[in-house]
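First the structure, in the form of structure tokens, and then the observations on it.
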Amino acid sequence: MFRRRKVCKFCADKIDDINYKDVKLIAPFVPERGKILPRRISGTCAMHQRKLQIAIKRARQIALVPYVTE
């Protein structure tokens, strides 16, 4: 009936800092449409979701992560 809440990937791996230069870490949270996955789908905690959002936006600005993938 109720689904178990996903465990935050960053908390499980004990990652405190999400660096915008680490594209391999950021890429799974940005699908082909280019939107950032919400917490309820990605399973990240609130703190890491905020850090992830900032990192993705910075990586987009310097063209490490595309805005939209065709």
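A short reminder: the numbers here are calculations on the coordinates, not readings from a lab. This is a predicted model, so every value here is computed, not measured. Here the Cβ is made from the backbone with ideal geometry for all residues, glycine too, and neighbour counts use every protein chain on show.
Using mean Cβ contacts within 10 Å as the protection proxy, how do 13-23, 35-45 order, highest first?
35-45, 13-23
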### Task
Based solely on C-alpha atoms, express the radius of gyration and the Dmax of the range 9-61 in angstrom.
10.2, 29
### Message
On a straight-distance basis, which lysines could pair with K14 in a cross-link, Cα separation under 25 angstrom, same-chain partners fewer than 8 positions away excluded?
### Response
K6, K24, K51, K57
### Query
To the nearest 500 deg cm²/dmol, what mean residue ellipticity at 222 nm is calculated for the chain from DSSP H runs of n ≥ 4 alone, each contributing -39,500 (n - 2.57), summed and divided by the residues?
-10000 deg cm²/dmol
### Task
Express the relative contact order of the chain as a whole percentage, based on alpha carbon pairs under 8 Å and six or more residues apart in sequence.
40 percent
